[in-house]
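Down below is the structure, laid out as structure tokens.
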Amino acid sequence: MPGQEATGARWPLKELAFVWGGNILSKVMMFAATVYLANALEVEGFGVFSTAFAVVNYVSLALFTGLDTLSTRESAALVPENTWAFSKKLFSYRRRIVNLAVIITALFALFMGKGHKELGFALIIFGLSFLPQQIYAVNLFYGLEWPAPVAAYFVGGRIFYLTLLFLTVKGPEDLYFAAGAFTLAIALENIFLFLCLFRRYNRRSDPKVSAPEIDLKPVLLLTGLSALLLLHENAPQFLVFFLKGDEEAGLYASSFRLIYTAVTFANLGGFVFLARFSRQQKENGELAKSSYKKARLFALILGILLALAGYFGADLIYGLLFKASYREGAAVMRAGVFQMALVPVRVLAWQYALVRQRAGRLLLPMIIGVSASIGITLCLILSKGALGAAGGLVCGELAICSLLLWIAR
């Protein structure tokens, strides 16, 4: 019916307003945290902090993204009576993955800590942030299209994190306090969303209404694909740290963190669109395709504008925000800034390909793209250090984005 089509075709403006707005505020605060930590920890300390964070971030996203993606898609079909039952199933699976994540992080800490004790201890502290992720419910909220708590989750957690940083991190000797502040903030955020979920859906639960089963077969494939994508994103940080040392790693991290903060502005609403594409695909495939194309075009234009602003304003940004020891970071930022245009488009193509059940077609192209990305990045790091890491990541991003656009067409 025409009326139904109009409703289905509308952009999820309410969801975007909350999630995009909350995400932007969150990233602005993370931007402030990045600048504060970079200046407080100095280049070498910030290099260690960022490398430890990259390891834990990689383990987290590589292990959980498959389940998170599936939970967003499946929870879009939930009714209030079976939401709590589905949540309990979801948390049960997450608990097993958390155990694996803690073990993997401990192994990384033992291996890396042999040559760099500070990195090993930072990894252990960061690794504790996995424990509260047993009750992580952000993607469940995306699927339910209940955006207000997600916005509060983004903003409230970052306020708490920033407050702890300002109170405890004063110099390079406070590296462990910086890692601990992150871990405590993660705990607060997840407890908050769990309480919101419990309060709203536990009392509405109906044992007569069965919750949908979670099929782990697609989760395993999505986990593998996510691990590949995230290896592409995080490999430059690892490689520049081990091949060129703390200082080059700190310069690269200052640029990478600023760029990925700006990516949020062009990345629309993240999983909001996965939930919307999923609903539209069930109703009308052409409607989902039209929404995807509009979102992709908007993300590309906004990303290009932000990238140009970053390219021409790099010297000004570094002059205003960082100490003189980071002055070479401006050139690193210019080398990597066009990720702002590519990453949001790649994310949307990824989500649309999943909605169209094309995950199975992604594996070989992803292996090829990520291998090319790491190979190019490795060669450039050996010759140009942090500058090469940033440039290599852009080259790899272009290759992977092109492959995903082709698969999702």
ask   = Y176 to E213: FRET efficiency via 1/(1 + (r/R0)^6), r the Cβ-Cβ distance, R0 30 Å, to the nearest 0.05?
value = 0.10
task = Give the residues of the stretch 245-259 whose amide nitrogen is closer than 20 Å to a point set 7 Å from the Cα of Y311 in the direction of its Cβ.
result = 255-259
Per-residue [θ]222 nm for the chain (sum of -39500 (n - 2.57) over DSSP H runs n ≥ 4, rounded to 500) = -29000 deg cm²/dmol
query = Say the cut-off is 25 Å between C-alpha atoms; which of K244/K323; K114/K384; K117/K244; K27/K89 go over it?
reply = K114/K384; K27/K89
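May I ask you to derive the FRET efficiency for L220 and S383 from their Cβ-Cβ distance with R0 = 25 Å, giving the value to the nearest 0.05?
Computed FRET efficiency for L220 and S383: 0.10.
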query = If the chain between N39 and L25 were fully stretched, how many nm would it gain, using 0.36 nm times the residue separation less the Cα-Cα distance?
reply = 2.9 nm
note = Least to most buried among R358, R96, R334, by other C-beta atoms within 10 Å and fewest first, runs R96, R358, R334
query = Which FRET efficiency value, to the nearest 0.05, is calculated for K114 and A77 with the Förster distance at 35 angstrom and r the Cβ-Cβ distance?
reply = 0.10
ask   = Say the dipole of the stretch 10-408 comes from +1 at the beta carbon of Lys and Arg and -1 at that of Asp and Glu; which of V98, L320, G245 then lies farthest toward its positive end?
value = V98
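Once fully extended, how much extra length lies between R361 and T168, figured as 0.36 nm per residue of separation less the alpha-carbon to alpha-carbon distance?
In short, 64.7 nm is gained.
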key: Fluctuation leader among L306, L393, L364 - the chain, Gaussian network, Cα springs under 10 angstrom   = L364
inquiry  = Using Cβ counts within 10 Å as a stand-in for footprinting exposure, how do V337, V102 rank, fewest first?
reply    = V102, V337
query = Tell me, how many Å apart are the Cα centres for the stretch 350-369 and for the stretch 301-320?
reply = 31 Å
note = Taking every other residue with Cβ under 14 Å from the Cβ of G250 and scoring Lys and Arg +1, Asp and Glu -1, one gets -3
inquiry  = Projecting each Cα onto the charge dipole of the stretch 10-408 (Lys/Arg +1, Asp/Glu -1 at the beta carbon, about the Cα centre), which of A33, L378, L230 comes out farthest on the positive side?
reply    = L230
query = Which of F111, F154, F238 moves the most in a Gaussian network model of the chain with Cα springs under 10 Å?
reply = F111
request  = For the chain, set up a Gaussian network in which alpha carbons nearer than 10 Å are linked by springs, and say which option among L140, L78, L300 fluctuates the most.
outcome  = L78
message = Quick check: Cα centre of the stretch 137-200 to Cα centre of the stretch 371-398, how many Å?
response = 32 Å
query = Which net charge results for the neighbourhood of Q339, defined as the other residues with beta-carbon distances under 11 angstrom from its beta-carbon, given Lys and Arg at +1 and Asp and Glu at -1?
reply = -1
inquiry  = Translational diffusion coefficient of the stretch 61-201 at 37 °C, 0.692 mPa s, Stokes-Einstein with Kirkwood Rh over Cα pairs, in µm²/s as a whole number.
reply    = 202 µm²/s
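First select every other residue whose beta carbon is under 14 angstrom from the beta carbon of A309; then total the charges, Lys and Arg +1, Asp and Glu -1.
Neighbour charge sum, excluding A309 itself: 0.
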ask   = Which one of V332, F53, S210 has its Cα pushed farthest toward the positive end of the charge dipole of the chain, where Lys and Arg give +1 and Asp and Glu give -1 at the Cβ?
value = S210
task = Report the charge-dipole magnitude of the chain in Debye, nearest 20, computed about the Cα centre from +1 at each Lys and Arg Cβ and -1 at each Asp and Glu Cβ.
result = 1140 debye
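Taken together, the values in this text are just the output of simple stated rules run on the coordinates, not laboratory data. Keep in mind that what you see is a predicted model, and the values were worked out from it rather than measured. A quick note on method: Cβ atoms are made from the backbone with ideal geometry, for glycine too, and the neighbour counts reach across all protein chains shown.
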